[in-house]
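The values are calculated or read from the model by the stated rules, or taken from the named source; none is laboratory data. Note that the coordinates shown come from a computational prediction; the quantities given were computed from them, not determined experimentally. Here Cβ is always computed from backbone atoms with ideal geometry, including for glycine, and neighbour counts include all displayed protein chains.
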Amino acid sequence: MFECWKPYLRLLGSAATVTALWSCASAPTTQDEPSPEITAPTVKVTPFDEVEAPEVVQPEPTYATSDLVNAAHLWLDQARFAPAPEQQDLLLRSAAALLKAKQLSEARQILNGIDVSGLPVEIAQRRRLLRAELALAEDRAELALRYLAPYKRMQDPQLRAQALSLRAQAHLASNDRAKAIRALIEREAFLDNLPDIEENRQRIWALLGSLTDIELQIERQSTDDGSPVADWLDLALLYVDFGVDPHRLQQTITDWAEINPLGSAQTFAVEMLRLSSPVTNEQVAPIQNIALLLPLASKFGRAAQSVHDGFMAMHTLDGNPYRPNITVYDVGEIPELAGSYYRLAVEEGADLIVGPLGKQAANAIIDNQLVQVPTLLLGGIQQGRTLPPNTYQIDLAPEQEATQVATRAYLDGHRVAGVLWPNTDWGQRIAQAFVERWESLGGIVVGTQAYEENSNDHSFAVQEILNINNSNGRKSALSALLGTKLEFQPRRRQDLDMLFLAARPVTGRLIKPQINFFHAHDIPVYSTSHIYTGTPDPVNDTDLNQITFGDMPWLLRNDNRAKLLHASVEGTKQSEGNLKRLFALGMDAYLLSRVLPYLEADTAVTLKGVTADRLSVNKDRHIERQLTWARFEKGEPSILDTLEGPKGYENIEPDQMEQIYSPLGTRSTSGATGLSISN
């Protein structure tokens, strides 16, 4: 069967040659495999490595596309003289390299041209796995699951592990995270080295964290006691029930793990307790005194007070007998004086400093090289600045949210965007952040339009972004040319598949109805948390219906953990409106203060917070917040759990959007407070 393409093997210098080369090859199939021509519903593939995006210690080597294609061609050249089954092995290697290079058509032709009749079963199984991988790369999750259906026949542990990883990915692409979890739990039995086992467990834990409390409970009720799946679900439910008090949670998990100390979930739980507990970390002295630096007596006093109240609320909830003392320093009105209070706090015995609040004050600390103890800055740092050692930073920057909106919309399948933004410095910054991220992912921005925030009529801006003004202009010109009045209905542009609306609630309630009025009610509209007041208001927010936005779980979620936290701080003075978000910032600042001092250099950490479903401390020690996603329905936010993008997607690089495999070898563990640490 290979005779017709042998003359071309010396000419494998281009993808076109490879395409022509297999045009004369047949595509033999075996009866137990689905035909590659089977059609399946198109499902957006969620790249599996984006679920929790761990910090990689020993990543696989990365190669340029040209290197992968050259390697594929080399193996093809070698295959022409090789006997079976070496020939088929080389062809499979070539197809795998082309898949990694995203040369899907060429990979398909090679796979279809491999005859496995009479060869060892492992050859056919490897081809089946590559066909499943190809189906996933083509957004055909259902077809991938067809190829993977007989995975239990695979005797080779590595092939079985690979098949289960692909099954998890396919289930995730089909939005069935529960089945993805079960596939990964089954996969552990076929892994033979500790780094891979730890990486697999981290993925299980990350996926469990993406399920709602109700989903966890339903899965547990349908799972037999004593099974590995039941153990993992029990661990997740323990976190849900006791996550309010990290100290109590650690005690509870320790007792639970003693029941089956050799179980996969129990081993994982004990290890995460060991790594996340400050008391067991003998290399670092425990934090005894925290200084909280806030501009209480300033024009930002209400904001500072909200942060203070949230911080102290979490300190009150901390049941750890080793919890630190808190000293509050009012840094006043002048940001540049924050450095003086920083020095004073250190002189008075602070082991860790949280604050100051605000961009200018935070930059003043860095400018003057004042960092002497572990420090968590509560303000934005100038772009491109490197934080000093032992320094971390968190804020509620709107630019970070706009970036996440772009990523979310892209993962939802949109590619052509329009941008509506208020003609203010804030509006310009948020629009620019969206556009930069959108274009870096490969999206197209076909128009941006500013509007006057204080106006009550935004019809001109809406018509401009929808290109209706041009439509009206063409009508007027034609009417003048013909000398008659024309019956005419303006037509909006048809190339848009989403709109990014940077707006606050009052303005958004005016603009969205006008978008609908101008025949664009079917265009998905995305926004940041600024579109929502933070308090359900179904009467006024009906005008925001169908807008998708990201915000804090503190304001959106109503699951068991959220109810426990809200009930626990009920007696605490809480803020109203947008200040609720600063109260939540204070809560997460305390949670981070109990973790960050015990991290080793170049350690990445993730934990479940209240300002974000997932707080990530990246390698540059900036805390990134993954938002909860909701859509206004009947005037109230409706959480999009069933549509939620993969965990950690805010960190996706453009060239990872279509990536199927994630690097192996990541050593990572999760902490008992929802914490995950990667060394």
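If the Cβ limit is 6 Å and pairs must be 6+ apart or interchain, which residue in segment 164-176 that is crowded, with 24+ Cβ neighbours inside 10 Å pairs with which residue that is of a type in the set (Asp, Glu) and part of a helix (DSSP H, G or I)?
Leu164/Glu186
Where residues in segment 568-581 are assigned to a helix (DSSP H, G or I) and touching an Asp or Glu at 6+ places or on another chain (Cβ under 9 Å), which of them is modelled with the highest pLDDT?
If we take residues in segment 568-581 being assigned to a helix (DSSP H, G or I) and touching an Asp or Glu at 6+ places or on another chain (Cβ under 9 Å), then Arg581 is modelled with the highest pLDDT.
Kindly indicate whether any position in segment 87-97 is in contact with a Gly (Cβ under 9 Å, 6 or more places away or on another chain) and without any contact (Cβ under 8 Å) to a residue 40 or more places away in the chain.
Looking for residues that are in contact with a Gly (Cβ under 9 Å, 6 or more places away or on another chain) and without any contact (Cβ under 8 Å) to a residue 40 or more places away in the chain, one finds at least one in segment 87-97, hence yes.
Output the residue which, of all residues in segment 241-255 that are buried (at least 18 other Cβ atoms within 10 Å of the Cβ) and part of a helix (DSSP H, G or I), is modelled with the lowest pLDDT.
Pro246
What do you reckon, is Leu466 among the aliphatic types (A, V, I, L, M) and at pLDDT below 90?
no
In the list Ala350, Ala417, Ala362, which residue meets the criterion of being in a loop (DSSP other than H, G, I, E, B) and either outside the structural domain of Ile511 (by TED's automatic domain parsing) or of a type outside the set (Ser, Thr, Tyr) (or both)?
Ala350
Residues Leu357, Leu337, Leu387, Leu377: which one is surrounded by fewer than 16 Cβ atoms within 10 Å (Cβ to Cβ) and of a type in the set (A, V, I, L, M)?
Checking each option against the conditions leaves just Leu337.
State whether one or more residues within segment 269-280 are assigned to a loop (DSSP other than H, G, I, E, B), at pLDDT below 90 and in contact with a helix residue (DSSP H, G or I) (Cβ under 7 Å, 6 or more places away or on another chain).
Yes, segment 269-280 contains at least one residue that is assigned to a loop (DSSP other than H, G, I, E, B), at pLDDT below 90 and in contact with a helix residue (DSSP H, G or I) (Cβ under 7 Å, 6 or more places away or on another chain).
Considering segment 156-195 alone, what residues qualify as being outside any helix (DSSP H, G or I), within 20 Å of Ile214 (Cα to Cα) and of a type outside the set (Asp, Glu)?
Passing the criteria: Ser174, Asn175.
Do any residues in segment 212-236 that are part of a loop (DSSP other than H, G, I, E, B) have Cβ atoms under 8 Å from those of residues that are modelled with pLDDT of 90 or more, where the two are at least six apart or on different chains, and which pairs are they?
Thr223/Val229; Thr223/Ala230; Thr223/Leu233; Asp224/Ala230
Which condition number in (1) touching a Ser or Thr at 6+ places or on another chain (Cβ under 6 Å); (2) modelled with pLDDT under 85 is the one that Ser306 fails?
(2)
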